[in-house]
Structures are given as structure tokens and as C-alpha cells.
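The values are calculated or read from the model by the stated rules, or taken from the named source; none is laboratory data. Everything quoted here is computed from the prediction, not taken from an experiment. Here the Cβ is made from the backbone with ideal geometry for all residues, glycine too, and neighbour counts use every protein chain on show.
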Amino acid sequence: MGEQKILGDRFEANRKHLYRVAYRMLGSPAEAEDAVQEAWLRLSRAGADDVDNLSGWLTTVVARVCLDMLRARTTRREEPLEAPDKKGGEEKPAAAMAVPGTIDPEQEALLADSVGLALLVVLQTLAPAERVAFVLHDMFDLSFDEIASVVGRTPVATRQLASRARRRVQGQPTVPAVDLDRRRSIVDAFLAASRGGDFEGLLAVLDPNVVARADGAAVKLGSMPEVRGADVVACAFKGRARNAQVALIDGAPGVIVAPNGRLLLVLRIRVVDGLIAEIEAIAGPQRLTELDLAVL
């Protein structure tokens, strides 16, 4: 009993680190907890008598569990979050960035930490082995020799996995760096005004003849099929930027909406002469997979 308690105490000393590893790989608080719990079960069965570096051993175990979970996901396509049903006869608000459901404060804090919504979303576009290699090496500084044993590749092949993942995470802007920064500042201002309910702030970044369109899936979430004019578009987006963050969409700054780190909707934004001329809300699962998403 005493040995088991000592083992449990040693595990608890590593729990926070293991959770951070699992959360970055899986993007789901609940699944991260499951992965950590599985690591404890394996440790309690195997013991630590032959383990020189318990933290490293547990990190490897959690990584392998996460890899299995990620591979299982690829066999069953994840469904997007559903829009809430009508309750008490009330209609859903018509809002281009309305997001169903709520996030408890703990989850919201996790999503706001150094990982970031955009990175969580982009990581989900990587192949399982790429994601594991990138997270373990770029975020937790594990060597490629250590990671190779997790993904079942040679160290050289593992390095290539991480490099390929890094290129996808960073993306390839389609506009010059100066123009990219300027467009990002415009999208940042748009989001800030939307979150703050700043109508005048929205008007300041919208072209007078701006057009906002939404695909069928986005309409089901509460977006309007099409609205025109700065005043109308500003009203549609006022106070709506929950769970939204700037990201690189097809090489240009845009917006992702990702409650709980799961991609729900993308706003592809076209900037002309320093103003937002067009906003396209995309939520269709197939269309989302066709977008080239990266972290700014």
C-alpha cells in the first residue's frame, strides 16, 4: 500500500505536464484527461522499478495513447458541433458568428493559453504522426530519437514528419509581408470591434458596399445568406466574435471560430484599399477540409 501511494504521488507530480502534452495533441480537455488516466493505469500495472526517468517514460506513454486516439479519429470523421434547437419558441439569433453552446471558464482559460485556438485548429489538420512529432519536438523539446519510438519511425523520418508539420502550421502567405501585416491589423480591428459591440469601430474597417455571404451550413448556425452595406453588416457582426481568432486562410488573414478548439466556422475576408470588401462565412464540413489553414 505504501509503495502504491509513493507511485501515485510521483505520478501526481507529473500530471500537469502530462495533461499539457495530451491537450496539445488532442485539443480536447476530456480526451486529454482520458489519456492521462490511461497513463496512470499503465504505470500502476507496470510499476516504476525499472524506470530511470519517470517523467520521460510517462510522456512517452501519453504520446502513444494520444497517437492511438488520433488514428482512431481518422476512421470516423468528426461531426461539427450542432446548432442549438429552438427553446421556448425563441428563434436563434441571426448572427454570422453565432456559436452554439457554452464553454466553462476552465476550458475557456485553457483555450486562451499559449496554445491558442488557431494552433489547436491547425494541428487537427495534420496527420496523427505529424501532429505527435511536431508537439513533442517543437513544444516539449523531445529529441527525434525519443519521438521515433513513439511514432514507429526512424529518427530521420521523424525529423521529416516534424518538418512537414511545421511547414503546414506556419503556412505560406500569398501576399507580401507588409501587406500581410496591414491586412492582419484590419482583421484584428474588425474582431476587436465585433467583440466589444463597437458599431462605429466596425464601420471604420468596412467598405461602404461590403458584402457578407454564408454557405448553407453557416446559415443553419444562424448566419444570414447574404447582407450588403456597411451598416447592415456591422449590425450582423456587432458583439458576435466569441471563440474567434485571426488565422491564415488560404494564404491571407481571416477568422476561425472554434469553440472548445474544434473548428466550427471560417470567415474568409477580402480586403481592398484598406477596407473589408467581402466576408464569406464557411461552415460546410467538406469546404472546411478544403481550406488551407495556418497560424499567423
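Can you name the residue in the range 21-32 that is free of Cβ contacts under 8 Å to residues at least 60 places away in the same chain and crowded, with 19+ Cβ neighbours inside 10 Å and is also nearest to the chain's Cα centre (by Cα) among such residues?
The residue in question is Leu26.
Within the span defined as the range 154-164, one or more residues are modelled with pLDDT of 95 or more, in a loop (DSSP other than H, G, I, E, B) and out of contact with any strand residue (DSSP E or B) (no Cβ under 9 Å at 6 or more places or on another chain). Just a yes or no: is a residue in the range 211-220 modelled with pLDDT of 95 or more, surrounded by fewer than 14 Cβ atoms within 10 Å (Cβ to Cβ) and more than 23 Å from the chain's Cα centre (by Cα)? Among the residues of the range 211-220, not one is modelled with pLDDT of 95 or more, surrounded by fewer than 14 Cβ atoms within 10 Å (Cβ to Cβ) and more than 23 Å from the chain's Cα centre (by Cα), which makes the answer no.
Just one residue in the set Gly201, Gly229, Gly254 is closer than 14 Å to Glu278 by Cβ, free of Cβ contacts under 8 Å to residues at least 24 places away in the same chain and surrounded by 14 or more Cβ atoms within 10 Å (Cβ to Cβ); that residue is Gly229.
Of all residues in the range 51-71, count the ones that are in a helix (DSSP H, G or I) and over 24 Å from the mean Cα position of the chain (by Cα).
Qualifying residue count, the range 51-71: 5.
Looking across Val169, Val150, Val175, one residue alone is within 19 Å of Leu293 (Cβ to Cβ), more than 21 Å from the chain's Cα centre (by Cα) and either at pLDDT below 95 or outside the structural domain of Ile249 (by TED's automatic domain parsing) (or both). It is Val175. For the range 136-153, the set of residues classified as among the hydrophobic types (A, V, I, L, M, F, W, C), under 13 Å from Thr60 (Cβ atoms) and not in a loop (DSSP other than H, G, I, E, B) consists of Leu136, Ile147, Ala148, Val150, Val151, listed by residue number.
For the condition touching a residue at least 40 places away in the same chain (Cβ under 8 Å) and under 20 Å from Gly284 (Cα atoms), Val266 does not qualify. When both residues are 6+ apart or on different chains and their Cβ atoms are under 8 Å apart, which pairs have a first residue that lies in the range 43-55 and is on the phi < 0 side of the Ramachandran plot, and a second that is surrounded by 13 or more Cβ atoms within 10 Å (Cβ to Cβ) and at pLDDT below 75? If the second residue must be surrounded by 13 or more Cβ atoms within 10 Å (Cβ to Cβ) and at pLDDT below 75, the pairs left are Leu54/Ala48.
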